[in-house]
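One structure is given here, and the rest of the page talks about it.
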2 protein chains.
Amino acid sequence: MTRWKLYTSPGTCSLASHIALHEAGADFDLVKLDFGTMQQQSADFLAINPKGRVPALVTDGGILTETPALLAFIAQCFPQARLAPENDAFAFARMQEFNGYLASTVHVAHAHKRRGARWADDAAAIEAMRAKVPRTMTACANLIEARLIGPWVLGERYSVADGYLFTIARWLEGDGVDVERFPRIVAHRERVGARPAVQRAIAEAGG
Amino acid sequence: MTRWKLYTSPGTCSLASHIALHEAGADFDLVKLDFGTMQQQSADFLAINPKGRVPALVTDGGILTETPALLAFIAQCFPQARLAPENDAFAFARMQEFNGYLASTVHVAHAHKRRGARWADDAAAIEAMRAKVPRTMTACANLIEARLIGPWVLGERYSVADGYLFTIARWLEGDGVDVERFPRIVAHRERVGARPAVQRAIAEAGG
């Protein structure tokens, strides 16, 4: 059996999968890519993930990418850790809906701050994208705040969605969001940040 | 039990969920929103989906959004239709990885053609985004083409991922992609388009 290996980089969404692996009690190796030297675009890494992104999880079945898929997979491989609803399609879909919103809308809004070159070449356009990030991220935070009853994303039960929200909520101040307007998100972030698995992942990830 | 209701709009990604519901043999009502009059931002619809987007699926358990979550939910609610891998966490994750890529990367690239105002206010920036769409969508098509062994996304087995790829692949020409470079995607699109459930969904959706 291949030992699992998680490819990460500090400050990226790969922290969510890293947290989930520790919450699950998984045994795995961590590989940190240096985005400063564009290691995610190296031939070696593109052979692992042709998208040139993290996270990528090497498992005994093959290599998996895309955070919502990875989080559900980790939860399903370690059912005793109870990191996702089981035998309840609607509750599972609620979790996937939340994770999908983080991936397809919130993370995308955030990416327009430093990754605008993905979607336009013109320097002025990239600057115009950057300028809107505080507003798009505030709109996302409004939507999350309204739904976040707590203590966890799914209510009474911790799940992989919590580590994912935590990962993205750490970006809010840097994205120009006034977090004082979002007390539930801040309280959730503190609650998740106090968990041993989360502290361990942050220490290992280096940010 | 509440009768299920799918909110859609012609030409949008909601077709993927519409196809999945017919493939599943589900009994549901269809509600078509007119994006021309911004019906998706009406108070009535925002009460259903505060994101102001389609698809939204009203079920007896509650309202669900986000295409990858909806597709997996529909598949799990109708297991006899065999629209997703069961009891195989890795195969399920492969499907979710593919659907997640369509949602978070491919659909997002496409959205920069007509929805640039989501990420910048400046008209020149929005035009710069639009100009890059043929290249970003071609890069996405390259990645999909390389992995699409066929006949279906998951290989020998049809799944909800096929209706989703079909939905997005219909956008390629309009996005300025030279589809002759992508024979597997085109063949897949024809294969999916020939299915009765897909033809029925297209006829009902009006595009």
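The values are calculated or read from the model by the stated rules, or taken from the named source; none is laboratory data. Keep in mind that what you see is a predicted model, and the values were worked out from it rather than measured. All Cβ positions, even for glycine, are placed from backbone atoms using ideal geometry, and neighbour counts span all protein chains on display.
Of note:
- Just one of the numbered conditions (1) part of a strand (DSSP E or B); (2) crowded, with 18+ Cβ neighbours inside 10 Å is not true of A:Ile74: (1).
- Residue within the stretch A:49-58 that is more than 11 Å from chain B (Cβ to nearest Cβ), of a type in the set (D, E, K, R) and outside any strand (DSSP E or B) present: no
- Enumeration of residues in the stretch A:29-68 that are of a type in the set (A, V, I, L, M, F, W, C) and within 18 Å of the chain's Cα centre (by Cα): A:Leu30, A:Val31, A:Leu33, A:Phe35, A:Val54, A:Ala56, A:Leu57, A:Val58, A:Ile63, A:Leu64
- When A:Ala91, A:Ala75, A:Ala43, A:Ala81 are screened for being without any contact (Cβ under 8 Å) to a residue 40 or more places away in the chain and among the hydrophobic types (A, V, I, L, M, F, W, C), only A:Ala43 passes.
- Some residue of the stretch A:135-154 being touching a Gly at 6+ places or on another chain (Cβ under 9 Å) and over 30 Å from B:Ala139 (Cα atoms): yes
- Some residue of the stretch B:75-90 being at pLDDT below 95 and more than 24 Å from A:Cys77 (Cβ to Cβ): no
- A:Phe45 vs. criteria crowded, with 22+ Cβ neighbours inside 10 Å and part of a helix (DSSP H, G or I): no
- In the stretch A:22-41, the residues that are at pLDDT below 95 and assigned to a loop (DSSP other than H, G, I, E, B): A:Asp34, A:Met38
- Annotation note: Cβ proximity below 8 Å between a residue of the stretch A:185-207 that is surrounded by fewer than 13 Cβ atoms within 10 Å (Cβ to Cβ) and a residue that is assigned to a loop (DSSP other than H, G, I, E, B) (sequence gap 6+ or interchain) occurs for A:Gly206/A:Pro10; A:Gly207/A:Pro10; A:Gly207/A:Gly11.
- Checking each residue in the stretch A:61-87 for being at the interface with chain B (Cβ under 9 Å from one of its Cβ atoms) and charged (D, E, K, R) picks out only A:Glu66.
- If you check A:Arg114, A:Arg147 for being within 9 Å of another protein chain (Cβ to nearest Cβ) and surrounded by fewer than 21 Cβ atoms within 10 Å (Cβ to Cβ), only one passes: A:Arg147.
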